[in-house]
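Below is one structure, written out as structure tokens; the observations come after it.
The values are calculated or read from the model by the stated rules, or taken from the named source; none is laboratory data. In this text the structure is predicted, and so the values were computed from the model without any measurement. All Cβ positions, even for glycine, are placed from backbone atoms using ideal geometry, and neighbour counts span all protein chains on display. All accessible areas refer to the heavy atoms of the entire protein, side chains included, with ligands and DNA or RNA removed. Shrake-Rupley method; radii C 1.70, N 1.55, O 1.52, S 1.80 Å.
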Amino acid sequence: MEQKANLKEIFQVFIKLGTIGFGGPAAHIAMMHQEVVIKHRWMTEQHFLDLIGATSLIPGPNSTEMAIHIGYIKGGWRGLLIAGFCFIMPAVFITGFFAWLYRSYGQLPQVQPFIYGIKPAIIAIIIGAVYPLALKSLKSLFLDFIAITVLTASILGINEIYLLFGSGLLAFAVFYIQKMRVGDLTSFAPFALMAVPETFFWSAVNSKLFLTFLKIGAILYGSGYVLFAFLDTELVAEGLLTRQQLIDAIAVGQFTPGPVFSSVTFIGYQINGLSGAVISTVAIFLPSFIFVVLLNQMMKKLRTSKGLAAFMDAANVASIALIASVCLSMAREAITDWRTIVIAAISCIAIFKLKKLNSAMVVILAALLGYILSYL
């Protein structure tokens, strides 16, 4: 049975996740699973799985949309705003501080020894969350087949959006072929963005930043790291940002907690100071809040149609397979020597054996262990 949540609890959970959420979307979702499903029991495994599958089907940063959606379900409009802002703002403030340091002194602080330890621990945290979700989502041989196919295709480099929608549509088709009848389809109206008058902003540069990041936030699918490919085209090619600044923005996104999209705070600050940082941050995250509200209305109907429920089951399985693929990719980069193997092993033992140990403590201890071992 799902437990109720008050606004104070929503605030406490998501301010913590926003502060210690290192490792990207897969790690964020793993930490949310521990807090929302295991610790607080706000949701069942199935409900959490449905949210992962559904948010994977809409544009924007998946982990941020998960936070917003959980807040909306447990606390209505106020819960939506509290969860969203608490998850986003710690990263924005930290990134903004680094942006000020970078613009003032031309360099970033040395944090690599700590990241050296955090990365292997994040792998363990993701594995700890994916394992029970996989057990829950793999309900049949057909779904097992989809999981293996998506995992293999993802490793081979097939676009994750094709895999998500393809899995769902295949399951949808198989369901109706088996039943030999036509189900009820819910129409999905496209979301159209209204053009915002440039005169609303106090500078042409801020207008450019707002429209650019609003567009990216509304159309960007997949990993937040795809964001940087868009920025190369939209800002570097236009001469508003240097490629070195873009590379440094990627670095900031790697060693700060919270959503990778907070890197735009750094970019906006480099282009037009504080106002540019604020405008860019608001624009990139605004579509996520809108999409989640629209998605919440549709999800109420998804499980009432058996055909759409089959679509969601397949999308859920595909989402878990994609997270596993990301985990494998991260592991190849993070676990490279005996030190990282030791950190990963200790973290796995902690996650699976010490059930009451918070993931935040795993991250902190791994960072300290990484700092110590990096000098051996």
Considering residues of the stretch 120-134 that are modelled with pLDDT of 80 or more and over 15 Å from SER319 (Cβ atoms) only, the residue surrounded by the most Cβ atoms within 10 Å (Cβ to Cβ): ALA121
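Limited to the stretch 279-324, what total is found for residues that are hydroxyl-bearing (Ser, Thr, Tyr) and modelled with pLDDT of 85 or more?
First pass over the stretch 279-324, keeping only residues hydroxyl-bearing (Ser, Thr, Tyr): 280-281, 288, 304-305, 319.
Right, trim to modelled with pLDDT of 85 or more and you get 280-281, 288.
Matching residues across the stretch 279-324 total 3.
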Within the stretch 264-376, considering only helices (runs of 4 or more DSSP H) that don't extend past its boundaries, which have at least 3 residues that are open to solvent by less than 40 Å² (accessible area, probe 1.4 Å), touching a residue at least 24 places away in the same chain (Cβ under 8 Å) and closer than 26 Å to LEU80 by Cα? 306-334
Scan the stretch 3-12 and tell me whether some residue there is surrounded by 21 or more Cβ atoms within 10 Å (Cβ to Cβ), of a type outside the set (Gly, Ala, Ser), in contact with a helix residue (DSSP H, G or I) (Cβ under 7 Å, 6 or more places away or on another chain) and at pLDDT below 85. no
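Which of the residues spanning the stretch 150-164 are crowded, with 18+ Cβ neighbours inside 10 Å and either at pLDDT below 90 or farther than 22 Å from LEU220 by Cβ (or both)?
Applying the first criterion (crowded, with 18+ Cβ neighbours inside 10 Å) to the stretch 150-164 yields 150-151, 153-154, 160, 163-164.
Those that are crowded, with 18+ Cβ neighbours inside 10 Å and either at pLDDT below 90 or farther than 22 Å from LEU220 by Cβ (or both): LEU151, SER154, GLU160, LEU163, LEU164.
Take the residues in the stretch 56-74 that are of a type outside the set (Val, Ile, Thr) and open to solvent by 20 Å² or more (accessible area, probe 1.4 Å), then tell me which one is nearest to the chain's Cα centre (by Cα).
So the first thing to find is which residues in the stretch 56-74 are of a type outside the set (Val, Ile, Thr), and the list is 56-57, 59-63, 65-67, 69, 71-72, 74.
Restricting the remaining residues to those that are open to solvent by 20 Å² or more (accessible area, probe 1.4 Å) gives 57, 62, 72, 74.
On the way: LEU57: 13, ASN62: 4, TYR72: 17, LYS74: 19 Å.
Only one residue fits best here, namely ASN62.
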So, in the stretch 173-226, of the ones that are open to solvent by less than 40 Å² (accessible area, probe 1.4 Å), aromatic (Phe, Trp, Tyr) and more than 26 Å from ALA237 (Cβ to Cβ), which residue ends up modelled with the lowest pLDDT? TYR176
Flagged in the stretch 32-55 as of a type in the set (A, V, I, L, M, F, W, C), in contact with a Lys or Arg (Cβ under 9 Å, 6 or more places away or on another chain) and either modelled with pLDDT under 90 or open to solvent by 40 Å² or more (accessible area, probe 1.4 Å) (or both), in numbering order, are ILE38, LEU49
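Is it true that some residue in the stretch 56-78 is at pLDDT below 85 and not in a loop (DSSP other than H, G, I, E, B)?
Going through the stretch 56-78, the residues at pLDDT below 85 turn out to be 56-62.
Right, trim to not in a loop (DSSP other than H, G, I, E, B) and you get 56, 62.
Yes.
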Name the residue that is surrounded by the fewest Cβ atoms within 10 Å (Cβ to Cβ), counting only residues in the stretch 13-31 that are hydrophobic (A, V, I, L, M, F, W, C) and closer than 16 Å to ILE126 by Cα. ILE20
